[in-house]
Amino acid sequence: MARLVIASKNEDKIAEIESVLLEAGLADSVVRGLEWDDVEETGATLEENALLKAASVAEATGLPALGDDTGLEVDALGGRPGVYTARYAGNGASYEDNYRKLLEELEGEAERSARFRTVVALAFPDGSNILASGQIDGVIASEPRGVGGFGYDPVFEVDGRTFAEIPASEKNQMSHRGRALRSLIREVGL
């Protein structure tokens, strides 16, 4: 693939995506510095939101665009926050606000199983697109631990460590977003 735009303005997410693309030898494909209007996540599913972002940015820039949406699905909360993961504590809430709200809702709850699920969409200016997804199962820790990562990383635990306690390179190998991106790369044949 010659060039593509990452359909996000979240620098943490962009860095994580670029890291996976670098491992695949595709880092030089990413075009930065382009402008587009914010894309409102109005979809009812992760798939719809990923495609909304990618298609909108592909149309605005005239380049293939990679969009994603991630949901944290907590079993004790009936799958919430799900599609509202990034704005769980309200629009404009910080990462900490979001995971603190989650911890409050799970206080006293023994069943803390959860999964992160990411859907990535690669949309082309001609309107065609390709979707892929990735998932990782874990549990919600009772308190935040670690200093790395972003979002819910301090409270999402896999094999006894939170994502915030795991080095970024190791996290990218196991994470939902890394799995989704590698699946997309295989699908596209890059």
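The values are calculated or read from the model by the stated rules, or taken from the named source; none is laboratory data. For clarity, every value in this text was computed on a predicted model and none was experimentally measured. Cβ placement follows ideal geometry from the backbone for every residue including glycine, while neighbour counts extend to all protein chains displayed.
Assorted remarks:
- Unmet requirement for Ser8, which otherwise passes all of (1) part of a helix (DSSP H, G or I); (2) in contact with an Asp or Glu (Cβ under 8 Å, 6 or more places away or on another chain); (3) among the hydroxyl-bearing types (Ser, Thr, Tyr): (1)
- When Glu73 is tested against the conditions (1) assigned to a loop (DSSP other than H, G, I, E, B); (2) acidic (Asp, Glu); (3) at pLDDT 95 or above, the lone failure is (1).
- Hits in the range 126-145 (condition: out of contact with any strand residue (DSSP E or B) (no Cβ under 6 Å at 6 or more places or on another chain) and either surrounded by 15 or more Cβ atoms within 10 Å (Cβ to Cβ) or farther than 26 Å from Ser183 by Cβ (or both)): Ser142, Glu143, Pro144
- Filter result (over 25 Å from Phe163 (Cβ atoms), surrounded by 12 or more Cβ atoms within 10 Å (Cβ to Cβ) and either modelled with pLDDT of 90 or more or charged (D, E, K, R) (or both)) within the range 7-38: Val31
- Taking residues in the range 43-58 that are free of Cβ contacts under 8 Å to residues at least 60 places away in the same chain, and partners anywhere that are polar (S, T, N, Q) and not in a helix (DSSP H, G or I), the pairs with Cβ atoms closer than 7 Å and at least 6 places apart or on different chains are Leu52/Thr42.
- Residue that is modelled with the highest pLDDT, among those in the range 155-182 that are surrounded by fewer than 17 Cβ atoms within 10 Å (Cβ to Cβ) and at negative phi: Arg161
- Of all residue pairs spaced 6 or more apart or on separate chains, those with beta-carbon atoms under 6 Å, a first member in the range 132-146 that is in contact (Cβ under 8 Å) with a residue 40 or more places away in the chain and over 17 Å from Ala76 (Cα atoms) and a second member that is of a type in the set (Asp, Glu) and surrounded by fewer than 16 Cβ atoms within 10 Å (Cβ to Cβ) are Ala132/Glu187.
- Some residue of the range 122-134 being in contact with a helix residue (DSSP H, G or I) (Cβ under 9 Å, 6 or more places away or on another chain) and more than 21 Å from Arg3 (Cα to Cα): yes
- Within the range 87-114, the residues that satisfy the criterion of being in contact with a Phe, Trp or Tyr (Cβ under 9 Å, 6 or more places away or on another chain) and in contact (Cβ under 8 Å) with a residue 40 or more places away in the chain are Tyr95, Asn98, Tyr99, Leu102, Ala114.
- Condition met for Ala55 (in contact with a strand residue (DSSP E or B) (Cβ under 6 Å, 6 or more places away or on another chain) and assigned to a helix (DSSP H, G or I)): yes
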